[in-house]
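Inspection log for the structure reproduced underneath, given as structure tokens.
Each reported figure results from applying straightforward, stated rules to the coordinates on display, with no laboratory input. These figures come from a predicted structure and were not determined experimentally. No Cβ is skipped: glycine too gets one built from the backbone with ideal geometry, and neighbour counts run over all protein chains shown.
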Amino acid sequence: MSRTWYLGLEPGQVAESCVLVGDPGRIDLFATRLDRPCPVSEQRGLRVLTGRFRGEAVTVASFGMGGPLAAIVVEELAQVGVRVFLRAGTAMALDPAPPLGGFFLAEGALREEGTSHTYLPASHPARADPLLTERAEGQLIAAGCPYRRGLIASCDGFYTEMFALDEEREPAVRRRTAGLRRMGAGAVDMETATVLVVAAVRGARAASLCLLTVEAATRRRLEQGRMRAGEELLSGLALATVIGGAP
């Protein structure tokens, strides 16, 4: 088997279980929790690291931002043996509960982005794997984390659908987020729907756990210190979830 197209990976370089992160810099945070962390790819800034957590092999991979890159990373990791994916990222809260710094555990996703529609028709739901989701919830409960479980919406346009960059766009963005809320979404990101759909097409299991870092209604952002603490907590929750460890 040849190396994968973009990541340059071969079988044997990755574990069956993988945590997916957006920010490549977050890979370093995960590395501090792993035994024998080994970088296996850094092509195009898409970092992939494999190590061991509590004795179990785990891969952590970054995909940057957006559905198209997330799909490429999931495709290529599945090609070389990953069978379990957990997106561990950040999301915008559409409701005030839980507060910023809490977590959103997706049971499924509204497919408001475009990439997943190149894989499956719009009528096909984006569902999170029930067992992986239950594992994540167990970790959240054991750690005493505030969280909400429900539907997340995934969109393509950050500055046109999620966060207005100027006053001119503000009314349209507020209408958009209000519409997502009416459809039952409690949070919004750019990748969960893509990850769930691509993983399903590839015969893998996938779920999504996000730290809530921005409020849609107020545009308030999680301050830097709490952001770092939340990311550290997220890394431990995610690794424990993918290996199926006890809370």
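Overview of results
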item: Residue in segment 144-155 that is closer than 27 Å to LEU86 by Cα, in a strand (DSSP E or B), in contact (Cβ under 8 Å) with a residue 60 or more places away in the chain and among the hydrophobic types (A, V, I, L, M, F, W, C) present; result: yes
item: Subset tally (residues that are in a strand (DSSP E or B) and either aliphatic (A, V, I, L, M) or within 15 Å of GLY89 (Cβ to Cβ) (or both)) for segment 32-54; result: 3
item: Subset of segment 95-104 that is surrounded by fewer than 24 Cβ atoms within 10 Å (Cβ to Cβ) and touching a Leu at 6+ places or on another chain (Cβ under 8 Å) - its residue that is nearest to SER208 (Cα to Cα); result: GLY102
item: Among residues of segment 148-177, those that are hydroxyl-bearing (Ser, Thr, Tyr), buried (at least 20 other Cβ atoms within 10 Å of the Cβ) and out of contact with any Asp or Glu (no Cβ under 6 Å at 6 or more places or on another chain), counted; result: 1
item: Residues that are part of a loop (DSSP other than H, G, I, E, B) and either touching a strand residue (DSSP E or B) at 6+ places or on another chain (Cβ under 9 Å) or of a type in the set (Phe, Trp, Tyr) (or both), drawn from segment 11-28; result: GLN13, VAL14, ALA15, GLU16, GLY22, ASP23, PRO24, GLY25
item: Selection status of ALA57, in contact (Cβ under 8 Å) with a residue 12 or more places away in the chain, more than 15 Å from the chain's Cα centre (by Cα), more than 20 Å from THR177 (Cβ to Cβ) and in a strand (DSSP E or B); result: yes
item: Any hit, segment 110-123, residues being surrounded by fewer than 13 Cβ atoms within 10 Å (Cβ to Cβ) and among the aromatic types (Phe, Trp, Tyr); result: no
item: The lone exception for GLY179 - which of (1) part of a helix (DSSP H, G or I); (2) within 13 Å of the chain's Cα centre (by Cα) it fails; result: (2)
item: Residue tally, condition within 17 Å of GLY67 (Cβ to Cβ) and among the β-branched types (Val, Ile, Thr), over segment 79-129; result: 3
